[in-house]
1. Taking residue 153 and the conditions (1) crowded, with 16+ Cβ neighbours inside 10 Å; (2) without any contact (Cβ under 8 Å) to a residue 24 or more places away in the chain; (3) within 23 Å of residue 290 (Cα to Cα), which numbered condition does it fall short on, given that it satisfies the others?
2. Has segment 147-165 got at least one residue that is at positive phi, within 10 Å of the ligand (Cβ to nearest atom) and in contact with a helix residue (DSSP H, G or I) (Cβ under 8 Å, 6 or more places away or on another chain)?
3. For segment 1-114, please list each of the strands (runs of 3 or more DSSP E) lying entirely inside it that holds at least 3 residues being touching a helix residue (DSSP H, G or I) at 6+ places or on another chain (Cβ under 8 Å).
4. Within segment 53-83, restricting attention to residues that are more than 10 Å from the ligand (Cβ to nearest atom), within 21 Å of the chain's Cα centre (by Cα) and at pLDDT 95 or above, which residue is farthest from residue 268 (Cα to Cα)?
5. Whether any residue in segment 207-226 is in contact with a helix residue (DSSP H, G or I) (Cβ under 8 Å, 6 or more places away or on another chain), over 14 Å from residue 282 (Cβ atoms), assigned to a loop (DSSP other than H, G, I, E, B) and modelled with pLDDT of 95 or more is what I want to check.
6. Given the options 115, 86, 131, 126, name the one that is more than 20 Å from the chain's Cα centre (by Cα) and either more than 17 Å from residue 35 (Cα to Cα) or within 14 Å of the ligand (Cβ to nearest atom) (or both).
7. Say whether the condition of being in a strand (DSSP E or B), modelled with pLDDT of 95 or more and within 16 Å of the ligand (Cβ to nearest atom) is met by at least one residue in segment 176-187.
Ligand SMILES: NC(=O)c1ccc[n+]([C@@H]2O[C@H](COP(=O)([O-])OP(=O)(O)OC[C@H]3O[C@@H](n4cnc5c(N)ncnc54)[C@H](O)[C@@H]3O)[C@@H](O)[C@H]2O)c1
């Protein structure tokens, strides 16, 4: 039986992925961890440890104590926040990955999932239907750390036989926790403000197209990749995964279908430049071919769920 460790479980992805993994592997077989306290549904449904990924020795102790065979390493500082503190963010994103890679190699942990991002692309990358392999010239500290991270996981895979698996997530949208300081966060905030205030001020321009994915599709894709046969995986660094492509104006129109009085204004900030350097849509045909990537949600289907679930939260 596999034993799983989630690093960074209290964040936007970890808070949902951990519970899904516990359904599959059993509550006691999925140890959750974060540098901060997680929600009660995580700490009370299975093992939880406070862990800093920059303290690899302590992570190694937990790996040995629980007999961990697979790690999901989600701890990171996201694009918007990383621009505010470039060097400390580089340490967490990069040293935090290298130390875990080294530990996984030494302790012979069976498999490591580490997410990359569309932030690996840059201004010279083709912006429409961005291919798996193309020019990558990221100009944010986050994007540089993700691109370097991709090369390192490919290196450990090739040189030491470590079974590393990775997805270049697009912007992820969910209702359970707040977004973690990324450039695509508007697509989460907008639904909260729609329910709480009936209006939203967007920090990106109305026609800024970006690739996006609803969290249930992201969780499904992650688990599918981790379960895929190793010999079917043809990408050594990180798989392109597209989801949908939409702009703030599309979200506005989608919300208006459910809430006709909803209004939206635009006050772009520093994140506009980051968004401008990223692709608008992604070619994920290799992931579809290698491990049957597929999606259930389009924008309108997601909007219905987001509004209904956030409404429920505030009615409690
Ligand atoms: N959310 C997205 O849209 C998105 C898109 C692309 C890639 N990703 C990647 O997915 C991963 C998870 O993203 P998320 O959205 O859940 O981020 P998040 O910011 O919501 O969560 C990250 C978690 O890591 C924890 N953390 C930070 N520093 C830590 C440290 N030193 N030790 C241990 N834990 C630490 C934080 O407390 C937080 O709970 C990250 O690698 C991120 O780069 C996310």
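The values are calculated or read from the model by the stated rules, or taken from the named source; none is laboratory data. The shown structure was predicted, so the numbers you read here are calculated from the model rather than taken from an experiment. Here the Cβ positions follow ideal geometry from the backbone for every residue, glycine too, while neighbour counts run over all protein chains shown.
1. (2) is the only condition that residue 153 fails.
2. Taking segment 147-165 as the starting set, the residues that turn out to be at positive phi are 161.
Among the residues that remain, those that are also within 10 Å of the ligand (Cβ to nearest atom) are: none.
For segment 147-165, residues at positive phi, within 10 Å of the ligand (Cβ to nearest atom) and in contact with a helix residue (DSSP H, G or I) (Cβ under 8 Å, 6 or more places away or on another chain): absent.
3. Numbers: elements: 4-7, 30-34, 48-50, 70-73, 111-113.
By residue number, 4-7, 30-34, 70-73, 111-113.
4. 70
5. Yes; the residues of segment 207-226 include at least one that is in contact with a helix residue (DSSP H, G or I) (Cβ under 8 Å, 6 or more places away or on another chain), over 14 Å from residue 282 (Cβ atoms), assigned to a loop (DSSP other than H, G, I, E, B) and modelled with pLDDT of 95 or more.
6. Numbers: 115 fails: more than 20 Å from the chain's Cα centre (by Cα); 86 fails: more than 20 Å from the chain's Cα centre (by Cα); 131 fails: more than 20 Å from the chain's Cα centre (by Cα).
None of the others qualify; the one that does is 126.
7. Here is the first cut: in segment 176-187, the residues in a strand (DSSP E or B) are none.
The answer is no, given that none of the residues of segment 176-187 is in a strand (DSSP E or B), modelled with pLDDT of 95 or more and within 16 Å of the ligand (Cβ to nearest atom).
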